[in-house]
1. Starting with the highest mean, order 70-77, 391-398, 503-510 by the number of other Cβ atoms within 10 Å, averaged over the residues of each peptide.
2. Sort the following peptides by mean Cβ neighbour count (other Cβ atoms within 10 Å, averaged over residues), highest first: 22-33, 326-337.
3. Which trypsin sites (Lys or Arg not before Pro) from region 263-305 combine a DSSP loop assignment with at most 14 other Cβ atoms within 10 Å?
4. Could you please state, rounded to a whole Å, how far the C-alpha centre of region 332-401 is from the C-alpha centre of region 499-552?
5. What number do you get for region 63-183 when its Cα radius of gyration is normalised by 2.2 N^0.38 Å, N = residues?
6. In the structure shown, do any of 199/351; 380/510; 124/474 have a Cα-Cα gap over 18 Å, and if so which?
7. State which entries of 200/286; 8/284; 376/472; 8/121; 373/472 exceed 25 angstrom in Cα-Cα distance in the structure shown.
8. Counting only DSSP beta bridges with both residues in the chain, what percent are antiparallel, rounded to the nearest 5?
Amino acid sequence: MIKTNNIKGDIFGGITAGIVALPLALAFGIQAFSGVSDPEAASLGAYVGLVGATLLGFFAAMCGGSHSQISGPTGPMTVVTATLVSGAWASSNGSISSVLISMALAAIFCGLFQILFGVIKIGKYIRYIPYPVLSGFMSGIGVIIILQQLYPLFGQSAGGSMIDLLAGLPDAVAHLSPTALLLGIGTIAIIYLFPLITKKVPATLVALIVMTLVSLLCNMDGVPIIGEIPAGLPMPFFANSRVDLAGLDWGAIITAAIIPGLTLAGLGSIDTLLTSVVADNITKTKHNSNRELIGQGIGNAIAGLFCGLPGAGATMRTVVNVKSGGRTQLSGMVHALFLLAIMLGLGSLVKYVPLSVLAGILVTVGFGIIDFKGFKDLLKIPRADAVVLLAVFFITVFVDLLTAVGIGMVIACVLFMKRASDLVEGGYSSQEMTNFDKESPWADEGGMPDTVAHSIYIQRLNGPIFFGTINKFKEVMGTIPESARIVIIRMRLVSFMDQSGLYAMEEAIKDIQSRGAQVIMTIIQPQPMYMLRKMKVIPELVPEDHTFTTFEDCTAYLRSALDNKSI
């Protein structure tokens, strides 16, 4: 049931998210049709991007299980769709009709698979994807987006594999359009610099408007633009004037759409549920993952039916919505209605937007997706995690997205089982399950100074902190009361931390310290201590004198600090 207790915030949040979504919907739609060498490919791509953002955004919000998520075309989904579209264009000898049918059926299958995922309750298993797999996967997508947009940034068009794009770059540079490049660079500069002036107005929209006006006022006639976008309400693909259903081999077409549909469903589910977690962390709510997948499936199936671009939960648009006051599903529906109004009333103005401006917007999106932190820490994290991250990254860029995730998961699981076996054989822990217990005191916790006991919170951790347990870890750490001034994290039974666990611990410590509380850690085992020092969580976040080898030493420190009135 749609809540109406926050109408003002939801309307403002939805409109703001719609403003941010507009240039991205146009850009992702045009990217999806970048492999179509038709004069009207850009305008058609922009149109399907808007249709997808509108229909998916509305129905996913109305039927989904996340309170404030904004859905629409995203980088991972667009990369897969672009491959599908270019393949359909080539195999049909240049038939727009075949392209639209292939995309529509793939989006419909995507939606049906996502509904199935929700019905069989597969959503809870997304949490078991390790950080290195996600890092390599998202970084690979970011690189793909950037490489694909370099050509329109240079005022040219290109399609094909990543190897083809890389091989053609020298020739593209030699024949680049200076005016197109200047517009693209200007767009990128505005997106990065405008937030230094104000964050109340979306920088992407400012860049879109300013650089489009520059191209018009300076009479940059040679720069490719979107062109006329079809007006009016979207029609189902079988009633679309561009689609010819005569003489089609439906068996072959449907069979060819199943695998891309499954790929889109898998990627969209991962993308969506990760965004749902981000929204939960900001709003302190809890989404229903399986209901969210069903809502996304309904949205993508309807979007596909009307020749819309498939998509997923969009992190940036969701954060903008929440920060602007959106708190219920109504905000996502308002965002979609805003885009529908744009599609019906202002499409004639959008036609003047240069393709290099949209390419500049997507280049910044690509850079935003790349996990620079993960690459920066490659020499510090365990070698196994680094191998997984790099393997997934290169397979994503040069082979296939779903293959990359599958291979990454297999490698990560095998390596984790090996490391867990080594720890048990080495005598670190006989615990098979992780239990983050915050209720039962341990035997050595007597002697706490009574005068500060009311402001001390002891968090006891039991078992390895790795990709399979970080959701539970985050949930427990999130229950630490705001009134706690000193938080003692007991690490005696934490035998192992991987990269996922390390980043989760770092995030939890920063969150505690942001409230003004002091973090103390006791009895840290060798492997976690090595990781914490390697990543400089100790001593940069938690000073050396706030780590103790026994709990008695911790108690003595608190008594001394109390006597010196430093706490």
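The numbers here are math on the coordinates, done by the rules we state, and not lab data. Everything numeric here is computed off the predicted structure, so don't read it as measured data. Because the Cβ atoms are built from the backbone with ideal geometry, glycine has one as well, and the counts that use them run over all protein chains shown.
1. Values: 70-77: 30.4, 391-398: 21.5, 503-510: 19.4.
Peptide ranking by packing, descending: 70-77, 391-398, 503-510.
2. Values: 22-33: 28.8, 326-337: 25.9.
Per-residue mean Cβ counts within 10 Å order the peptides as 22-33, 326-337.
3. 284, 286
4. Computed from Cα coordinates, the inter-centre distance equals 32 Å.
5. Working: Rg = 18.2 Å, N = 121, 2.2 N^0.38 = 13.6 Å.
Here the answer is 1.33, to two decimals.
6. Numbers: 199/351 27 Å; 380/510 20 Å; 124/474 15 Å.
Exceeds cut-off: 199/351; 380/510.
7. Working: 200/286 27 Å; 8/284 20 Å; 376/472 27 Å; 8/121 34 Å; 373/472 23 Å.
With Cα atoms farther than 25 Å apart: 200/286; 376/472; 8/121.
8. Numbers: 3 of 17 bridges.
Bridges in the chain that DSSP calls antiparallel: roughly 20 percent.
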